[in-house]
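Every number in this text was worked out from the coordinates using simple rules, so none of it is lab data. Remember, predicted model here, so these are calculated numbers, not experimental data. Positions of Cβ are generated from backbone atoms using ideal geometry, with glycine treated the same way; all protein chains shown enter the neighbour counts.
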Ligand SMILES: *Cc1c(COP(=O)(O)O)cnc(C)c1O
């Protein structure tokens with residue numbers, strides 16, 4: 001199926017309040033333009049330099065999301081245009097984003113990545129650690145960062161109920177933090193769900209899905 005057909009199938013099953021991030025990592029400019037010409041404006045990349053190059057080559061009304069783990073020494077290459085950074089998984093990353101954002105006079109939007117999967121390869125804050133951190137003074141210094149929500153990845157497994165449990169857990173942390181009304185930390189976006197598990201993520205209350213292979217084909 002074509003990118004156009006994949007996108008329209010996908011759109012027709014996503015509720016209107018759910019934001020679609022089209023994950024275009026490793027895919028050529030021509031594929032991104034095909035999706036762009038169908039109206040898609042939000043694209044996700046996981047490599048900073050690849051994202052920078054695509055930003056330069058493509059229309060400037062695209063909203064670029066950085067997903068996946070972050071190489072802190074490269075944040076400077078994208079800090080002036082990136083729209084949302086999903087994978088902030090440790091204090092050091094916030095610190096570096098803040099520092100670079102300050103230099104260009106921007107306030108950069110981020111999501112905090114939570115570790116919900118049992119796999120060691122998936123990183124992120126653990127819930128208790130995050131609560132303490134959000135209530136610490138350290139985070140108040142970050143004037144050039146806007147925390148907008150949480151992101152998480154479920155285990156890579158066929159076990160539907162395990163995935164559901166992990167997404168439910170993330171949703172409950174999200175609600176919990178939201179109810180705490182931490183001033184410098186808005187809980188608006190819950191980024192969870194990829195090609196293989198987004199229907200489960202939607203059941204658990206995701207409002208942002210990051211989908212690559214179901215749109216652009218395998219990598
Ligand atoms: C690659 C990637 C996706 C998209 O994965 P698909 O299975 O192709 O939909 C989503 N989120 C992150 C963090 C990724 O690295």
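Mind checking the full-extension length gain between residue 11 and residue 136? Use 0.36 nm per residue of separation minus the Cα-Cα distance, one decimal, nm.
41.0 nm
How much length is gained if the chain between residue 172 and residue 49 is pulled fully straight, taking 0.36 nm per residue apart and subtracting their Cα-Cα distance, in nm to one decimal?
The residue 172-residue 49 span can extend by a further 40.8 nm.
Please compute the length gained on full extension between residue 83 and residue 162, using 0.36 nm multiplied by the number of residues separating them and subtracting their Cα-Cα distance.
Contour length minus Cα-Cα distance gives 25.3 nm.
Mind giving me the FRET efficiency for residue 95 and residue 121? R0 is 30 Å, r the Cβ-Cβ distance, nearest 0.05 is fine.
0.80
In nm, to one decimal, how far is the modelled label at residue 56 from the one at residue 104, with both set 7 Å along Cα→Cβ?
1.4 nm
Just from its helices, what would the mean residue ellipticity at 222 nm be for the chain, if runs of 4 or more DSSP H residues each count -39500 (n - 2.57) and the sum is divided by every residue, rounded to the nearest 500 deg cm²/dmol?
After summing the helix terms and dividing by the residues of the chain, the value is -11500 deg cm²/dmol.
How much FRET efficiency would the formula 1/(1 + (r/R0)^6) give for residue 1 and residue 41, where r is the Cβ-Cβ distance and R0 is 22 Å, rounded to 0.05?
0.55
Quick one: Debye curve from the alpha-carbon atoms of the chain only, equal weights, vacuum; give me log10 I(q)/I(0) at q = 0.08, 0.09, 0.14 Å⁻¹ to two decimals.
Treating every Cα as an identical point scatterer, log10 I(q)/I(0) equals -0.27, -0.34, -0.85.
Normalise the Debye intensity by I(0) for region 1-104, one equal point scatterer per Cα, no solvent, then take log10 at q = 0.12, 0.21 Å⁻¹ and round to two decimals.
With no solvent term, the Cα-only Debye profile gives -0.43, -1.09.
Please find, in a Gaussian network model of the chain (springs between Cα atoms separated by less than 10 Å), the residue of 56, 148, 112 whose mean-square fluctuation is greatest.
56
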